[in-house]
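Structure first, commentary second.
The values are calculated or read from the model by the stated rules, or taken from the named source; none is laboratory data. Since we're looking at a predicted model, the values are computed, not measured. Every residue, glycine among them, receives a Cβ derived from its backbone with ideal geometry; neighbour counts consider all protein chains shown. The area values use the complete protein model at the heavy-atom level, side chains included, leaving out ligands, DNA and RNA. Shrake-Rupley method; radii C 1.70, N 1.55, O 1.52, S 1.80 Å.
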Amino acid sequence: MSFVEYSDCIQDGDVAIVYLGHESMTPVKVKRGAQTQTRYGVIRHSTDLIGQRYGSKVTCSKGGWVYVLHPTPELWTVNLPHRTQILYTTDIATITMMLELKPGSVVCESEPQLLKLHIIVSVSPVFILPVCVCVSGTGSGSLSHAILRTIAPTGHLHTVEFHQQRSEKVLEEFKEHRVDHLVTVRNQDACKDGFGVTGVADAVFLDIPSPWEAVKHAKAAMKKHGGRVCSFSPCIEQVQKTCEAFSDQGFEEINSIEVLLRVHDVRTVYLPLPDFGPDPSVQIQPDSTITPPQNHASIAVKTTIPPRDVQGHTGYLTFATKPRT
């Protein structure tokens, strides 16, 4: 099992996702002889998991059943142990697209404060050589796993984590998920010490309290032919200072966006067919007692219902381009 390569069957040492329901999932480290307790009963790893195909329906000791799923970055995002705040799939997808990450990209990551995952990513156009990406702040590893899947099998992630215990823990998780060959973890402050690399990044992502302090280090980490940089900030005041820093450092095409997810509910509704009166082509005798039939037919159509409550603000994504030097 690997987060970047699909395996058909569950093996000893894998990390599997036990799916009890859409709002109830849990990651499980598969170990021969071990057991996992669920509300539907016990799952015995040796007999119920090892050797089974991913996606199988597993019957628990109480007669209930669960699905065992192959881990993906999206499933890991909603099930990971929270050591910090994290980025979620909506923002991660936008970041990956706007930074043009692809297989062969190299990523650098660091976290200067006790905050969530921070990333610096650099991207080169599709027709250029393999891309290097720098990411500021490893945090809980939500964005890191998504980047690793995107840049595999030839890319590399350089992640810098300010907090020593978190950097050690995330390195342990990378080894468990068998992606450690794609990542290098450093314990340092991105705002003061940079990202540990110079002139190798094609794109940079910053998710730190004061990203404007790391803009010069991001520029130094990026390749001479230029690239893209993104900063994630929850407050508009942070965005203003970061945009000023981008401008002072010679970045171009500076713009900020906010991504809000609205999930529409698809329903079937029945609409009555209009009654246009009797058919004028049908002649009715004056003394006829026959009355035209009443048409109460209806038609079924699919429609969407917008949500009453929209997910609240997460943060602003500020993008900029470093020109070729």
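Extension gain for V42-L20 works out to 6.6 nm (0.36 nm per residue, less the C-alpha to C-alpha distance). The helix-only estimate of mean residue ellipticity at 222 nm for the chain, built from DSSP H runs of length n ≥ 4 each weighted as -39500 (n - 2.57), is -5500 deg cm²/dmol after division by the residue total.
Which label marks the calculated value of percent of Cα pairs over 33 Å apart, given the options (i) 37; (ii) 41; (iii) 45? Read-out taken from this structure: (ii). Per residue, the Cα convex hull of the range 1-76 amounts to 73 Å³. Highest mean first, the peptides 55-64, 40-49 sorted by other C-beta atoms within 10 Å per residue fall in the order 40-49, 55-64. Full extension of the chain segment joining Y67 with D248 gains 59.9 nm, where the gain is 0.36 nm per residue of separation less the Cα-Cα distance. Computed from Cα positions, the angle between helix 142-151 and the longest principal axis of the chain comes to roughly 90 degrees. Which FRET efficiency, nearest 0.05, do T154 and I236 yield, Cβ-Cβ r, R0 41 Å? Given R0 = 41 Å and the Cβ-Cβ separation, E is 0.60. Annotation: lysines with alpha-carbon distance below 25 angstrom to K223 (same-chain offsets under eight excluded): K102, K192, K241, K322.
Normalised by the number of residues in the range 15-71, the mean separation of alpha-carbon contacts (under 8 Å, six or more apart) gives a relative contact order of 35 percent. Principal-axis analysis of the Cα atoms of the chain puts helix 164-176 at an angle of about 60° to the longest axis.
In this structure, K224 and E258 have a Cβ-Cβ separation that, at R0 = 45 Å, corresponds to a calculated FRET efficiency of about 0.90.
In the chain, the longest principal axis of the Cα atoms and the axis of helix 236-248 are about 50 degrees apart. Counting 0.36 nm for each residue step from K192 to T325 and taking away their Cα separation leaves a gain of 45.5 nm.
Here the range 15-71 has 48 percent of its accessible surface on carbon and sulfur atoms, given a 1.4 Å probe and all protein chains in place.
Using alpha-carbon positions, what is the distance between the centroids of the range 26-99 and the range 227-257, in Å? Cα centroid to Cα centroid, the span is 37 Å.
For a quick protection proxy, order the peptides 157-166, 174-183 by their average other-Cβ count within 10 Å, most packed first.
For the peptides 157-166, 174-183, the packing ranking is 157-166, 174-183.
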